Structures are given as C-alpha cells and as structure tokens.
1. Within segment 73-120, restricting attention to residues that are among the aliphatic types (A, V, I, L, M) and buried (at least 17 other Cβ atoms within 10 Å of the Cβ), which residue is nearest to T50 (Cα to Cα)?
2. Scan segment 11-47 for residues that are under 14 Å from the mean Cα position of the chain (by Cα) and not basic (K, R) and jot them down.
3. Which of the residues spanning segment 79-107 are of a type in the set (D, E, K, R) and either free of Cβ contacts under 8 Å to residues at least 40 places away in the same chain or within 22 Å of N20 (Cβ to Cβ) (or both)?
4. Out of segment 28-50, which residues are exposed (fewer than 11 other Cβ atoms within 10 Å of the Cβ) and either over 16 Å from L104 (Cβ atoms) or touching a residue at least 60 places away in the same chain (Cβ under 8 Å) (or both)?
5. Could you tell me whether any residue of segment 64-85 is in contact with a helix residue (DSSP H, G or I) (Cβ under 9 Å, 6 or more places away or on another chain) and closer than 12 Å to R106 by Cα?
Amino acid sequence: MSNNSKEEPKTAPQSDRWYNLTLGPSFKDESSSKYCTLRYEFKPASIDKTKPGSLRKTKENRVTVEFHNNQLGKPKVTFDGCSEDYKNDAVLFFDGETFRLERLHRSVNQLRHRRQPGESASAAAASSAALSGPVVEPRLSPVAKAPKTIHVGRNVFSAVPVIAVHVNFSL
C-alpha cells in the first residue's frame with residue numbers, strides 16, 4: 001500500500017516490530033497541510049454517515065459543523081463550537097506499512113448539538129441509545145431525586161479494535 005492511498009489499511013500494526021516513521025509536510029513552516037481535531041459532546045445516531053458534512057469557521061473562531069439527517073424530511077444535524085490553536089500535539093497515520101506524524105494546528109472542543117425547536121434532549125438521547133447504552137432521563141424538578149435509567153436495547157455494533165495514539169512533542 002502506498003503512502004498516498006486514500007484506502008484504509010487492512011491490518012493494524014503488528015506487535016514487536018519496528019516501522020518507519022516520517023514527519024509529514026505539516027511540520028514544515030511553509031506547508032499548506034493543516035490538521036484539526038473535532039470533539040463532540042454528543043453525536044446523535046441521526047447523522048447520515050453516507051454523505052459529506054460541512055464546516056464553517058468565523059473570524060471570531062466560532063465553528064459550525066453540519067451533517068445530513070438520515071431521517072427523511074428532518075433538518076440537518078448541526079453542532080456549534082469554538083476553535084483553538086494546538087501547541088505541541090500531533091496525529092499519527094498508519095498506511096499499512098509506515099507511520100507518518102502530522103502536526104495538529106487547531107482543535108474544535110465541545111461541539112454542542114444544536115437542537116431544533118420542539119426537539120427535546122430526552123428524545124434526542126433516546127434516538128442514539130443504541131450507540132451509547134443506558135439513557136438517563138432528565139428531571140425538571142428542583143427536588144433531588146435519583147435519575148431514572150431507561151435501558152434501550154443492546155449495542156448494535158460489534159467491537160472493533162482501534163489504535164489511538166496521542167503524541168506530545170517539542171521541536
């Protein structure tokens with residue numbers, strides 16, 4: 001598999017083996033390659049994963065992310081957040097043969113789901129319960145009560161091994 005392939009590698013890196021590690025173009029000051037992370041507070045199951053989304057950033061570093069809804073006739077699924085500079089973080093890419101380290105330039109933290117009028121938090125949470133497990137029903141009363149847990153089915157996705165690497169560096 002070549003380094004320029006857009007295809008996911010078929011295998012994870014093998015244990016107890018040395019791999020080549022290169023610094024990507026984002027480490028060069030004049031590079032046009034920029035990388036950003038997105039962190040969602042909540043990601044509903046209604047996002048259509050077969051269609052591309054869109055991202056808009058304002059001069060004030062406010063970010064809006066929109067995805068198509070997988071429920072016909074429903075509005076887009078929208079998130080709002082704030083963009084910040086990264087200092088010394090990077091992301092590691094594996095193409096099946098080698099690793100490439102790229103500098104992270106920006107992060108969008110606390111992307112909050114912007115609910116449409118009439119859409120309740122409990123309805124949105126129930127729609128994604130298959131992804132996240134038990135749902136805690138919100139209480140509007142100021143009297144302290146134990147939260148009522150609603151169990152909605154089992155997780156419909158099988159376990160998939162994931163390689164997560166966080167690299168802190170200084171150059």
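Read the figures in this text as sums done on the coordinates, not as results from a lab. Everything quoted here is computed from the prediction, not taken from an experiment. A quick note on method: Cβ atoms are made from the backbone with ideal geometry, for glycine too, and the neighbour counts reach across all protein chains shown.
1. Here the answer is V77.
2. Answer for segment 11-47, where residues must be under 14 Å from the mean Cα position of the chain (by Cα) and not basic (K, R): Y35, C36, T37, L38, Y40, E41, F42, P44, A45, I47.
3. Listed by number, the residues that qualify are D80, E84, D85, K87, D89, D95, E97, R100, E102, R103.
4. E30, R39, K49, T50
5. no
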